[in-house]
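Data block below; observations after.
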Amino acid sequence: MSAITAALFVFVLATAVLTAVLRDVLAAIIVFAAYSLGMAIFYAVLLAPDVAMTEAAIGAGVTTLLLLLTIAKTVRPSTDATFERPSLPGLLVVGAFTAVVLATVPSFPAVGSETAPIWSNPEVSQYYLEHAYKDTGVENAVTAVLAGYRGFDTFGEAVVVFAAGIAALLALQTEVFTGE
């Protein structure tokens with residue numbers, strides 16, 4: 001694991017924990033936005049730019065906007081405590097889950113490693129590279145895979161982004177349809 005990946009992992013873990021324990025809703029939303037941005041960068045480091053862009057747009061962008069609009073339109077109670085007191089059973093469950101995840105991370109191959117499953121079955125990758133244009137009519141192999149071979153998945157992601165955009169417009173009280 002590189003230093004950048006380790007730092008991102010620590011950052012994402014810290015912001016996730018802070019989001020859970022902060023009592024101030026505004027502070028929790030801001031830390032959650034930082035968490036989503038950290039996850040987007042983490043996905044980019046792991047060479048998943050489509051997931052990174054979706055996380056940045058939906059997680060750090062639209063979700064943060066909707067949450068901020070929600071608290072702007074509601075009353076914020078004043079609290080004396082900054083952090084929520086976590087429950088012991090909750091800490092045990094989260095600790096056990098974190099231990100299991102950390103125990104399995106070393107078994108994964110490094111990004112770009114020749115032992116990664118994608119390299120152990122080169123026929124599939126080679127098929128996509130050789131037949132992408134013929135099968136889909138799209139010259140870019142990545143676009144062909146996303147739009148042609150993984151069309152339903154990409155369509156689902158597009159529906160989520162569209163729904164989030166409509167929700168943001170409605171929350172901002174922007175007129176979506178003129179009626180004419």
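The values are calculated or read from the model by the stated rules, or taken from the named source; none is laboratory data. All values derive from a computational prediction rather than experimental measurement. Using ideal geometry, Cβ is built from the backbone for each residue, glycine included, and neighbour counts are taken over all protein chains shown. The protein model used for the area step is the full one, side chains on, heavy atoms only, and it has no ligands, DNA or RNA in it. Shrake-Rupley method; radii C 1.70, N 1.55, O 1.52, S 1.80 Å.
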Pairwise FRET efficiency - SER87 versus SER107, Cβ, R0 = 22 Å, nearest 0.05: 0.10
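Considering Cα pairs under 8 angstrom that are at least six residues apart, work out the relative contact order of the chain and quote it in whole percent.
Values: 122 pairs, mean separation 32.0, N = 180.
Answer for the chain is 18 percent.
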Solvent exposure ordering (accessible area, 1.4 Å, most first) of ILE71, ILE41: ILE41, ILE71
Relative contact order of the range 1-81, pairs being alpha-carbon contacts under 8 Å that are 6 or more residues apart, as %: 28
TYR127 - accessible surface, heavy atoms, 1.4 Å probe, Å² rounded to 10: 100
Rounded Å value of the spacing that divides the Cα centres of the range 4-27 and the range 94-146: 28
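Leaving out ligands, DNA and RNA, and with a 1.4 Å probe, what % of the accessible surface on the chain is carbon or sulfur? Walk me through the intermediate numbers first.
Working: 8980 of 12670 Å².
Percent of accessible area from carbon and sulfur atoms in the chain: 71.
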With all protein chains modelled, accessible area of VAL93 [1.4 Å, Å²]: 100
Label-to-label distance, nm, for residues given as LEU69 and ALA96 (7 Å Cα→Cβ offset): 4.1
Two-site FRET efficiency, LEU26 against ALA3, from Cβ-Cβ distance with R₀ of 35 Å, rounded to 0.05: 0.60
Cα radius of gyration and Dmax for the chain (Å): 21.0, 65
Gain on full stretching of the segment that runs from HIS131 to ALA48 - 0.36 nm per residue minus C-alpha separation: 27.7 nm
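Hey, can you find the accessible area per residue of the chain for me, probe 1.4 Å, expressed in square angstrom? Walk me through the numbers before you get to the answer.
On the way: 12670 Å² over 180 residues.
The answer is 70 Å² per residue.
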Accessible area (Å², 1.4 Å probe, nearest 10) - LEU47: 130
